[in-house]
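Asks: Quick one: structure below, then a few questions.
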Amino acid sequence: MQKIFSKTLSLNSATILLSLYFSLVFNFPFLQKTYYDLIKLDSFDFAYFISLPLFLSTIFVLLFSLLPRRYVYKTAMTVLIILSAVFCYAMSSYGIIFDYGMVENMAETSTSEAFTYLNLSAIFYIAFLTITPLVILRKINSRSNSLGLSVKLRLKLIVSALIIFIIIFFSLYSSYASVNRNNRDLAKYIVPIPTLIASYKYIKRNHFAEPIVFKKLDSHPKMQTSLKADKKVVVMIVGETARAKNFSLNGYSKQTNEYTEKFNIQSFKQMYSCGTATAVSVPCMFSLLNKDQFNKQSASSQQNLLDIAQLAGVDVLWVDNNEGCKGVCKRVKTINIDKNKSNSLCDGDYCFDEILLTQLDNKLTTLSAQTTLIVLHLMGSHGPTYYRRYPQEFATFLPDCQQSDIQNCTSEQLVNTYDNTIHYSDYVISEVINKLAKFTKNSTQTINAKMIYVSDHGESLGENGLYLHGFPYAIAPIEQTHIPLLFWSNNTQEYFQNNCLEQSTQTIYNHDNIFHSMLGVLNVASSTYQPKLDVFKPCRDNTNIMRIAQN
C-alpha cells in the first residue's frame, strides 16, 4: 500500500488522469444536463451518449499538453483545478453559467459581496473536489527528462489524443452537429474552457481595446414648461433583484406590498429587464441603446439619461446603497452611502435601505432648481444573503433562511426570506412617497412630485434547480427577466387622463422604455426622445400640453 502512494507519475500520465478528472468530475453538471436533454428526445444515438466523456477528455489532453514543462505546468494546473472546482460548485448548487456576462458581473463584484457566497458548504465542496487532482499533481516525477525525450513523449501523447478525437468526431459527426445545433447553450456548461475564453474577451475589451471617443447624442436638450410652471421633484428608485412575481400589487398571494397599496400607485404588470445582471441592466436602462443594440463599451462612451437631463438644466443626484452605479452616474453628483458600523442601519458591509431616506430628506430641504431628479439605488433583494437585507422586525414571513448556502434551505424558507426583502423594500418605497407627499403639502410653492420604481433584474429561487440570476438572456427563466415597475404622482388626475394609466398597466414594456419615459416625466425636450417609447405619453392630459421654453 505504501508503494502505491509513494509511486510517482510521468507528466503524460498525470495529464491523462487530470483530463479524465476534468471530464468526469468537474464537468459532471455539463454531462448531467446533456444526458438529461438527450433522454427527453424520442430517439438518440447511444454511441454519442457513451463517447462524450472520452471526447471531452481528448480535448483536455490536447489543451493541457500545450502547457510548458513541470513547474509552469503545475502552477497553471493548480489554478485551473481551483477555478474549476469553484465553477463546478456554483453550477451544481445554483445552476449558474459562467459566460461573458457572468465574467463581467464577477469582475465588478466587490470583496464584501464575493464573501457572501463563502460558507462551510462551499468550502467543503470545493476542498473535496480539489484533493484528488492536487494529489495527482504532487505525484508528478520531479526529475526532468532531456528536452528531446520530453518533446518526443509530448508529441506522442498529442498525436494519440488527436487520433481519438478525429475518430470520434468524424464517426459521430451527425450526432455531435445535431446536438450542438439544437442546444447551442450546452457548450457554456463546460468547465472551464468557455469561462477562460470569456475572461480573455473581457480583459481584451476592457483593458486593451482602443478607447472610444465620447459621443454627444444631444448638445442642446431643453427644459419644457407646462402652462402652470410648477416646481418638479422626481425620485427614481432603482431596485435590486426584485421580481414581479412576488409583488402583491401584481396578484401575489402574500401581502408583500402592504405599505404601498394604500397609495394611488400604478403597478405595470408586464415589465421586462434588459439583462439578468446589474452590470448590464443598470447601464442599459439609462442608455439610449435598446436591448438588442446594447453594448456596455458603446453605452459608457455616450451620453445617458442622466447626462441629457443634467445638460437640460435638471438638478441630478444619485444616492447609492448598492455596489456602485456601473458608470451611469460618473458625470453627475453622487453620494455613496458610508457602510460604517457606527450607523445603526449598517453592519460594516451593508446598510439597510432606510439609510437612503436621510439623504432624501437632506436634498428635499435644499431644492434649488426648477426640476430635480433624485436617483436612489437600493440594495433591495440582493442574494444570496437575503436575510441581511431587512431588519429583524421586518421578518414577517417565517420560517426564513438565515444562511448564504440557500440551496440547503427548504423552498418555504427561501421564498419567505426573499419575500421579506420585497416587503422591506416596499416599506422604504412607501416612506419615499410619504416624504414627497408631506413635502409638497407643506411647501409654500406648488410642487409636482413623482416616484418611479423599477428593478434591474429578477431572481431565481430554486425553480427548476436554478438560483440567483445572471443567466444568458436567451435561456434565462422568466423569474430573472420579469420585473416590477411602479409609479406614483401627487397629482395624477391633473396630469393624466382618467383611468388611462390603469389601463396601460397591462401593456408589455421593458427597460428600453425607461430612457424616454423619464425624459417625458422630467419635461426634457431632446432629439433623443422617442414618444412611442414613453410609457406615460398616451395618458398625459391634453389640457397640459408642453411647450419648449423660449430662452
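Asks: Can you work out the Karplus-derived ³J(HN,Hα) for every residue in the range 480-486? Use 6.51 cos²θ - 1.76 cosθ + 1.60 with θ = phi - 60°, whole Hz, and x for glycine or proline.
Replies: Each residue's phi maps through the Karplus curve to give 8, 10, 8, 10, x, 9, 10 Hz.
Asks: Along the charge dipole of the chain, Cβ charges K/R +1 and D/E -1, which of ILE96, LEU9, GLN293 sits furthest on the positive end?
Replies: LEU9
Asks: Let me ask something else. Residue farthest toward the positive end of the dipole of the chain, with Cβ of Lys/Arg at +1 and Asp/Glu at -1: which of ALA122, TYR189, GLN266?
Replies: Projecting each Cα onto the dipole axis, the largest value belongs to TYR189.
Asks: Which cysteines does the chain leave without a neighbouring Cys Cβ under 4.7 Å?
Replies: CYS88
Asks: While we're here: Say each of GLN402 and ASN340 gets a label point 7 Å from the Cα, pointing the same way as Cα to Cβ; how far apart are those two points in nm?
Replies: Going by the 7 Å Cα→Cβ label model, 3.0 nm.
Asks: Then there is this: Tell me, what is the per residue accessible area of the range 170-284 in Å², probe radius 1.4 Å?
Replies: Accessible area per residue, the range 170-284: 50 Å².
Asks: Under unit Cβ charges (Lys, Arg +1; Asp, Glu -1), what dipole magnitude, rounded to 20 debye, does the chain have relative to its Cα centre?
Replies: With Lys and Arg at +1 and Asp and Glu at -1, about 2200 debye.
Asks: If we sort 379-391, 16-28 on the protection proxy, mean other Cβ atoms within 10 Å, highest first, what's the order?
Replies: The peptides rank, most packed first, as 379-391, 16-28.
Asks: If you place +1 on the Cβ of every Lys and Arg and -1 on the Cβ of every Asp and Glu, how big does the dipole about the Cα centre of the range 304-402 come out, in debye to the nearest 20?
Replies: The calculated dipole for the range 304-402 is roughly 320 debye.
Asks: If I take R0 = 35 Å and measure r between the Cβ atoms of ASP185 and LYS262 in this structure, what FRET efficiency does the formula 1/(1 + (r/R0)^6) give, to the nearest 0.05?
Replies: In this case the efficiency is close to 0.20.
Asks: Considering only Cα-Cα distances, which of the following residue pairs are longer than 18 Å: LYS216/LYS296; LYS363/LYS438; LYS269/LYS441?
Replies: LYS269/LYS441
Asks: Using alpha carbons only, how many angstrom separate the centre of the range 280-308 from the centre of the range 147-188?
Replies: That distance is 41 Å.
Asks: Moving to a separate point now. At 7 Å along Cα-to-Cβ for each site, give me the label-to-label distance between SER178 and GLU463 in nm.
Replies: Taking the simple label geometry, SER178 and GLU463 are separated by 3.2 nm.
Asks: Leaving out ligands, DNA and RNA, what percent of the accessible area of the range 13-128 is carbon and sulfur, probe 1.4 Å?
Replies: Accessible surface attributable to carbon and sulfur in the range 13-128 totals 75 percent.
Asks: Kindly express, to the nearest 10 degrees and within the range 0 to 90, the angle between helix 120-138's C-alpha long axis and the longest C-alpha principal axis of the chain.
Replies: 30 degrees
Asks: Moving on. Dipole size in debye (nearest 20) for the range 104-231 around its Cα centre, Lys and Arg Cβ +1, Asp and Glu Cβ -1?
Replies: Dipole magnitude for the range 104-231 comes out near 440 debye.
Asks: Which percent of the accessible heavy-atom area of the range 368-416 goes to carbon and sulfur, probe 1.4 angstrom?
Replies: Carbon plus sulfur share of accessible area: 47 percent.
Asks: Work out from phi, with θ = phi - 60° and the Karplus expression 6.51 cos²θ - 1.76 cosθ + 1.60, the ³J(HN,Hα) of each residue of the range 18-23, listed in order in whole Hz, and give x for Gly and Pro.
Replies: Here the 3J(HN,Hα) series is 5, 5, 5, 5, 4, 5 Hz.
Asks: Need the list of lysines near LYS7 for cross-linking: C-alpha distance under 17 angstrom, and skip anything on the same chain fewer than eight residues off.
Replies: Straight-line reach from LYS7, under 17 Å: LYS139.
Asks: Would you mind checking which residues have amide H under 5 Å from ASN448's amide H? H placed 1.01 Å from N; only 5 or more apart, or other chain.
Replies: Under 5 Å from the amide H of ASN448: LYS231, LYS232, VAL233.
Asks: Considering only DSSP beta bridges where both residues belong to the chain, give the percentage that are antiparallel (nearest 5).
Replies: In the chain, approximately 40 percent of DSSP beta bridges are antiparallel ones.
Asks: Leaving out ligands, DNA and RNA, and with a 1.4 Å probe, what % of the accessible surface on the range 438-510 is carbon or sulfur?
Replies: Here it works out to 46 percent.
Asks: Right, something else. Amide H to amide H, which residues 5 or more places from GLN302 or on other chains are under 5 Å from it, using H placed in the peptide plane?
Replies: LYS215
Asks: Go ahead and estimate [θ] at 222 nm for the chain from helices alone: -39,500 (n - 2.57) per DSSP H run with n ≥ 4, summed, over the residue count, rounded to 500.
Replies: -13000 deg cm²/dmol
Asks: Roll a 1.4 Å probe over the protein chains and send me the accessible area per residue for the range 428-535 in Å².
Replies: Dividing the accessible area of the range 428-535 by its residue count gives 37 Å².
Asks: For the cross-link pairs LYS188/LYS330; LYS231/LYS537; LYS231/LYS333, which exceed 29 Å when the distance is taken from alpha carbon to alpha carbon?
Replies: Over 29 Å Cα-Cα: LYS188/LYS330.
Asks: Whole number in Å², please: accessible area per residue of the range 31-73, 1.4 Å probe, ligands, DNA and RNA not counted.
Replies: Accessible area per residue, the range 31-73: 57 Å².
Asks: Indicate the gyration tensor shape class of the range 73-228 (rounded, prolate or oblate), computed on the Cα atoms with a ≥ b ≥ c the square roots of the eigenvalues: a/c under 1.5 is rounded; otherwise a/b larger than b/c is prolate and the rest oblate.
Replies: Prolate, since a/c reaches 1.5 and a/b exceeds b/c.
Asks: May I pose another question? When the Debye formula is applied to the Cα atoms of the range 324-367, each taken as the same point scatterer, what base-10 log of I(q)/I(0) results at q = 0.29, 0.30, 0.32 Å⁻¹?
Replies: One equal scatterer on each Cα of the range 324-367 leads to -1.03, -1.04, -1.06.
Asks: Extension gain GLU108-ILE478, at 0.36 nm per residue separation less the Cα-Cα distance, in nm?
Replies: Length difference between fully extended and current span is 130.8 nm.
Asks: By the scheme Lys and Arg +1, Asp and Glu -1, what is the net charge of all other residues having a beta-carbon under 10 Å from that of SER460?
Replies: Charge balance near SER460 sits at -2.
The values are calculated or read from the model by the stated rules, or taken from the named source; none is laboratory data. All figures in this text were calculated on a predicted structure; none of them were measured in a lab. Cβ atoms come from the backbone with ideal geometry, glycine included; neighbour counts cover every protein chain shown. Please note that ligands, DNA and RNA were not included when accessible areas were found on the heavy atoms of the full protein model with its side chains. Shrake-Rupley method; radii C 1.70, N 1.55, O 1.52, S 1.80 Å.
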